[in-house]
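J.: Here it is, the structure in full.
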Amino acid sequence: MSLMEEIIAAVDEMPPFPQVVQRAMQALAEPEYEVSGLVDILKVDQAVTANILKLCNSAYFGLPRKVSSLKEAVVYLGANQLRQLLLSGAASKIYEKPNEGYAVFADELWRHALATAVMAQVLRRHLRLKIDENMVFTAALLHDVGKVVLSTFVVDKYLAIESMVESGEYSFQEAEKEVLGFDHAEIGGKIAESWDFPPAIIAAIAFHHEPSSSPKEFRLLAEIVALANNLAVMVGYGTGVDGLACRGHDLLLQKLKLGEKDLEKLVLLFQIEMEKTCDIAGVSEH
Amino acid sequence: MSLVTIGIADLKVSNNPEDTLVTYSLGSCIGLAVYDPVARVGGLLHYMLPDSSINQEKAAKNPAMFANKGIPLLFKQCYKLGADKKRMIIKVAGGSQIMDDAGTFNIGKRNYAILRKMFWKNNVMIDGEDIGGNCNRTMYMQIEDGKINLKISKKGMVEL
Ligand SMILES: [Fe+2]
Ligand SMILES: [Fe+2]
């Protein structure tokens, strides 16, 4: 088997994206979803139910009395918060596996993914981009999922990738491509495909390091994820191994004619949001 | 020994010789460490942005986010613990960049430039620095002796 074939086999063996979360997403996509229908979907999964209640009763919301029923919690949180909670819960489990090859701390990939998702939301909101919020959050959250699979295969190739990056001429993703013949973005696209995600999300994941190569109809999403990734890495929410060896994609900034000060404001808004998110998600900032 | 963490956009000072101050993942941000070896007082600042003019309200709430507010505050808090400006040893790390020929993502560079400018105006000399490139840094300061260690991605531990 070639390395690519082995990796495709590993993608096939990856645990599916949690069914409960996917079904809840579909239910939440209806403009007038039914709370009782949603509760029926969620209550099947005890861990998910416990998580929702835990969040509702966390200090962050500071509710005067304890929320004890799932129904109450669903009503209280509302569609957006619920969606993000469900997605983050599923994504954190996927990212927080030990990453042997890329030798990063188990939670580093996860923190980077979360930071990218928060940054992407800040971009969408602050730059008033006309694109579905849910789509942006999901694509950004899962953009590096290919690293989870790839890292178990690169143990013996890792030094070659690293020394190319050290030369200063290759980004981490370019070095992956040179050494392996493919990169984590491509593999991530395949994983999203195997999870039956919509084509826009698959494309945004697959092209997050080369947004201008993305099919035209999905390019905006790929550009948002690429820029969010750039800014998250720049500020220091990277994955450790690759440092800041990541190529900048400023297409979106150019199109919107944004300058230095705008970028600083985006970073500021990001940090404010990130602190809140870390609080809610129980993630440490470092 | 107790490890005292300085978050992003945060600063802390100490005169407890048992303490080691640490700040993680400096990308474009700057870690500024100042130490008075006689008073054995040290402080560490992790700022994100050069100038607070983009958001005065945030600057009032969290001065450590900005170079122009955080740097003076760091010195002031050290003076309160008995540090003297003339004896201060100053070390700086961070200010990295992603790979970008156009220089769009150069907040790291500007974070460093404003520090140089402020120090020049106030006659402050930098005693050691590790700036720029595309690595990620973690910075440690031992209050006991002011020793600064850097953990640099792809390089490992070095003393600054
Ligand atoms: Fe990536
Ligand atoms: Fe990434």
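J.: Which residue is farthest from ligand 2 (Cβ to nearest atom), if the candidates are limited to region A:162-172 and must be open to solvent by less than 10 Å² (accessible area, probe 1.4 Å) and at pLDDT 90 or above? Step through it out loud before you land on a result.
T.: Within region A:162-172, the subset open to solvent by less than 10 Å² (accessible area, probe 1.4 Å) is A:165, A:171-172.
Then drop every residue that is not at pLDDT 90 or above, which leaves A:171-172.
Working: A:Ser171: 11, A:Phe172: 9 Å.
Ranking the candidates gives A:Ser171 first.
J.: Taking the stated definitions as given, is A:Leu129 farther than 22 Å from B:Asp100 by Cα, crowded, with 17+ Cβ neighbours inside 10 Å, away from ligand 1 (no atom under 16 Å from the Cβ) and at pLDDT 90 or above? Step through it out loud before you land on a result.
T.: Numbers: farther than 22 Å from B:Asp100 by Cα: yes; crowded, with 17+ Cβ neighbours inside 10 Å: yes; away from ligand 1 (no atom under 16 Å from the Cβ): yes; at pLDDT 90 or above: yes.
Against the criterion (farther than 22 Å from B:Asp100 by Cα, crowded, with 17+ Cβ neighbours inside 10 Å, away from ligand 1 (no atom under 16 Å from the Cβ) and at pLDDT 90 or above), A:Leu129 qualifies.
J.: Separate question: Are there any pairs with C-beta distances below 7 angstrom linking a residue in region A:251-267 that is over 13 Å from B:Asp100 (Cβ atoms) and facing chain B (nearest Cβ under 9 Å) to a residue that is of a type in the set (A, V, I, L, M, F, W, C) and outside any helix (DSSP H, G or I), with the two at least 6 apart or on different chains, and if so which?
T.: Here the result reads A:Glu264/B:Leu49; A:Val267/B:Met48; A:Val267/B:Leu49, each pair linking region A:251-267 to a residue that is of a type in the set (A, V, I, L, M, F, W, C) and outside any helix (DSSP H, G or I).
J.: Farther than 13 Å from A:Met119 by Cβ, crowded, with 24+ Cβ neighbours inside 10 Å and within 16 Å of ligand 1 (Cβ to nearest atom): is that true of A:Ala228 in this structure? Full working, then the answer.
T.: Working: farther than 13 Å from A:Met119 by Cβ: no; crowded, with 24+ Cβ neighbours inside 10 Å: yes; within 16 Å of ligand 1 (Cβ to nearest atom): yes.
Spelling it out, it is not the case that A:Ala228 is farther than 13 Å from A:Met119 by Cβ, crowded, with 24+ Cβ neighbours inside 10 Å and within 16 Å of ligand 1 (Cβ to nearest atom).
J.: Same structure again: Any idea which residue in region A:176-196 is farthest from ligand 1 (Cβ to nearest atom), counting only those that are free of Cβ contacts under 8 Å to residues at least 60 places away in the same chain and of a type in the set (A, V, I, L, M, F, W, C)?
T.: Taking the candidates together, the pick is A:Val179.
J.: Moving to a separate point now. State which residue is farthest from the other protein chains (Cβ to nearest Cβ) when the search covers only region A:100-126 and only residues that are at pLDDT below 85 and within 13 Å of ligand 2 (Cβ to nearest atom). So that I can check it myself, show each step before the final result.
T.: Pass one, region A:100-126, residues at pLDDT below 85: A:100-108.
This time we only want the ones that are within 13 Å of ligand 2 (Cβ to nearest atom), so: A:102, A:104, A:108.
On the way: A:Tyr102: 12, A:Val104: 10, A:Glu108: 9 Å.
By that ranking, first place goes to A:Tyr102.
J.: Moving on to the next point. Could you please find all residues in region A:173-225 being part of a loop (DSSP other than H, G, I, E, B) and within 14 Å of ligand 2 (Cβ to nearest atom)? Quick ask: steps written out before the conclusion?
T.: Pass one, region A:173-225, residues part of a loop (DSSP other than H, G, I, E, B): A:181-183, A:195-198, A:207-210, A:214-215.
The answer is A:Asp183, A:Phe207, A:His208, A:His209, A:Glu210.
J.: Right, here's the next one. Condition test on A:Val122, is it within 13 Å of ligand 1 (Cβ to nearest atom), out of contact with any Ser or Thr (no Cβ under 6 Å at 6 or more places or on another chain) and assigned to a helix (DSSP H, G or I)? Break it down into steps so the answer makes sense when it comes.
T.: On the way: within 13 Å of ligand 1 (Cβ to nearest atom): no; out of contact with any Ser or Thr (no Cβ under 6 Å at 6 or more places or on another chain): yes; assigned to a helix (DSSP H, G or I): yes.
Criteria not met by A:Val122.
J.: Here's another thing I want to ask about it. Just checking, how many residues over region B:107-133 are within 14 Å of chain A (Cβ to nearest Cβ), open to solvent by less than 40 Å² (accessible area, probe 1.4 Å) and at pLDDT below 95?
T.: 1
J.: Can you tell me which residues in region A:231-244 are assigned to a loop (DSSP other than H, G, I, E, B) and either within 13 Å of ligand 1 (Cβ to nearest atom) or under 20 Å from A:Glu176 (Cα atoms) (or both)?
T.: Here is the first cut: in region A:231-244, the residues assigned to a loop (DSSP other than H, G, I, E, B) are A:236-244.
Residues satisfying the conditions are A:Tyr237, A:Gly238, A:Thr239, A:Gly240, A:Val241, A:Asp242, A:Gly243, A:Leu244.
J.: Give just the number: which of (1) within 20 Å of A:Leu231 (Cα to Cα); (2) away from ligand 1 (no atom under 16 Å from the Cβ) does A:Glu166 not satisfy?
T.: The number of the failed condition is (1).
J.: Same structure, new question: Just a yes or no: is a residue in region A:196-214 within 8 Å of chain B (Cβ to nearest Cβ) and in contact with a helix residue (DSSP H, G or I) (Cβ under 7 Å, 6 or more places away or on another chain)?
T.: The initial filter retains those residues of region A:196-214 that are within 8 Å of chain B (Cβ to nearest Cβ), namely none.
No, because not a single residue in region A:196-214 is within 8 Å of chain B (Cβ to nearest Cβ) and in contact with a helix residue (DSSP H, G or I) (Cβ under 7 Å, 6 or more places away or on another chain).
J.: Looking only at region A:147-161, count every residue that is more than 10 Å from ligand 2 (Cβ to nearest atom) and within 22 Å of A:Asp12 (Cβ to Cβ) and tell me the total. Step through it out loud before you land on a result.
T.: In the first step, residues of region A:147-161 are kept if they are more than 10 Å from ligand 2 (Cβ to nearest atom); the result is A:148-161.
Restricting the remaining residues to those that are within 22 Å of A:Asp12 (Cβ to Cβ) gives A:148-155, A:157.
Counting residues in region A:147-161 that are more than 10 Å from ligand 2 (Cβ to nearest atom) and within 22 Å of A:Asp12 (Cβ to Cβ) gives 9.
The values are calculated or read from the model by the stated rules, or taken from the named source; none is laboratory data. Just so it is clear, the model here is predicted, and its values are computed rather than measured. Backbone-built Cβ (ideal geometry, glycine too); neighbour counts: all protein chains shown. Accessible surface areas use protein heavy atoms only, side chains included; no ligands, DNA or RNA. Shrake-Rupley method; radii C 1.70, N 1.55, O 1.52, S 1.80 Å.
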